[in-house]
Amino acid sequence: MSSSQQQRKLRQPIVVVLGHVDHGKTTLLDKIRGTTVALKEPGAITQHVGASVVPASVIEKLAEPLKKFLPRFKLIIPGLLFIDTPGHEVFSNLRRRGGSVADFAILVVDIMEGFQPQTYEAIEILRQRRVPFLVAANKIDRIPGWKPHPDQPFLISYRMQKPEVQQRLEELLWNIIGEMYKLGFRADRFDRIKDFTKTVAVVPVSAKTGEGIPELLAVLAGLTQQYLQKRLMYAEGPAKGVVLELREQPGLGVVADVIIYDGILRKGDIIVTGGLEGPVITRVRSLLMPKPLVEIRTAKRELESVDEVVAAAGVRIVAPELEKAVAGAPIFVARDEEEAKELAKKVMEEIEAIRIRTDKE
Ligand code: GDP
């Protein structure tokens, strides 16, 4: 099978970033986006609504200098989709029956501070939702004596540090590995792991200098495509997703920012979602996506109308009656009115299940 055929079969894994406040979640996401933009091939859309996609070509390019250290791997996923807003709250809205819409998580830990209350909380909710994760041991540039090598792989920068600096890094990593062990997880520096199904990878990074970002992306891509293939197998059927956020958009009323994790969503589709008052059955009036990047640093870009989106994707849906929906509700495409009614039942069951679970938590 050619790689392009395989690429069509698997969707991008959906990745969330969690961790204690100030440990660098936002900075890390900004760095990942910045790196992608700087390397991006012309025409590649990397920005979605509420999410950013790092294409496989970018990951492969960044991983090139790593060939000496890491076993060669060929990417069969089309890229990685990062949810733009880090933290527990958005993660909670990504529920899906029996787990999460997120396929994988990055737990950011400030290497100088180690585990903090929200680090433990994050691990607990990842465990509850059964979301696999790796640890980004962030802020390695703050280790006394660290000489930064901007945007270089960690393994290359590490070799150029003085022995006492390397030693200090190892000690700090051991604190993290020790905490993980206390929580019942085996963990190790990513390049020392033999069996990734038994050991949580710890990737030293600096969200500020960009050191370690190549490995972070390579390990994410490698792990997800190797161990989550079944989950990432994408069907060319009706879309399934979750409402990330509802917002009032002047002139359009209440619109829904959704994450599509399976199938295809088209303009005109019948969609079924839910609210506290009951199911919402409506029709997609338009689908909005950010315009392809022209200028690198424009944070808020204009949205444009598209005819369809393919999983995985973050997209804004314009449709009547969305003011009745709730964030965290499932959203499905129905083939006809009859199926819509069936799906409405399913949606409400899921909302009910979510409500019961939330009350218990
Ligand atoms: P969040 O609350 O987890 O999203 O943390 P932020 O991304 O807002 O970062 C908190 C602070 O740490 C900010 O002042 C960042 O500039 C700083 N910071 C984040 N990552 C790094 C890093 O790798 N190195 C250094 N030196 N500072 C960082």
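Nothing in this text is a laboratory measurement; each read-out follows from the coordinates by a stated rule. Computed from a predicted structure; not experimentally measured. Note that we place each Cβ from the backbone using ideal geometry, even for glycine, and neighbour counts take in every protein chain shown.
Just a few scattered comments:
- Panel values: the stretch 219-332, Kirkwood radius from alpha carbon pairs, Stokes-Einstein at 10 °C and 1.306 mPa s, translational diffusion coefficient 106 µm²/s.
- Rounded to the nearest 20 debye, the dipole size of the chain about its Cα centre is 1020 debye, using +1 on the Cβ of Lys and Arg and -1 on the Cβ of Asp and Glu.
- Projected label distance in nm at ARG247 and VAL306, using a 7 Å step from Cα toward the beta-carbon: 1.7 nm
- Amide H to amide H, with H built 1.01 Å from N, ASP151 comes under 5 Å of GLY210, GLU211, counting only residues 5 or more places away or on other chains.
- Virtual paramagnetic centre 7 Å along Cα→Cβ of GLU64, amide N under 16 Å, in the stretch 187-231: 214-215, 218
- Extension gain from LYS345 to LYS147, taking 0.36 nm per residue of separation minus the Cα-Cα distance: 65.4 nm
- Value of relative contact order over the stretch 144-270, rounded to a whole percent, pairs C-alpha under 8 Å and six or more apart: 20 percent
- Dividing the summed -39500 (n - 2.57) terms of all DSSP H runs of n ≥ 4 by the residue count of the chain sets its mean residue ellipticity at 222 nm at -10000 deg cm²/dmol.
- Couplings for the stretch 321-331, taken from phi via the Karplus curve 6.51 cos²θ - 1.76 cosθ + 1.60 with θ = phi - 60°, read 6, 5, 5, 8, 7, 10, 5, x, 6, x, 9 Hz in order; Gly and Pro are left as x.
- When each of the peptides 244-254, 305-315 is scored by how many other beta carbons lie within 10 Å of its residues on average, the order from highest to lowest is 305-315, 244-254.
- Considering only alpha-carbon pairs that sit under 8 angstrom and 6 or more positions apart, the relative contact order computed for the chain is 19 percent.
- Summarising the strand pairing of the chain, around 70 percent of its internal DSSP beta bridges are antiparallel.
- Sorted largest first, the spans of the alpha carbon positions of the stretch 15-152 along the three principal axes are 42, 37, 28 Å.
- Estimated distance in nm for a label pair at ALA353 and GLU89, the labels positioned 7 Å out from Cα along Cα-to-Cβ: 2.7 nm
- Highest-first arrangement of 228-234, 122-128, where packing means the average Cβ count within 10 Å: 122-128, 228-234
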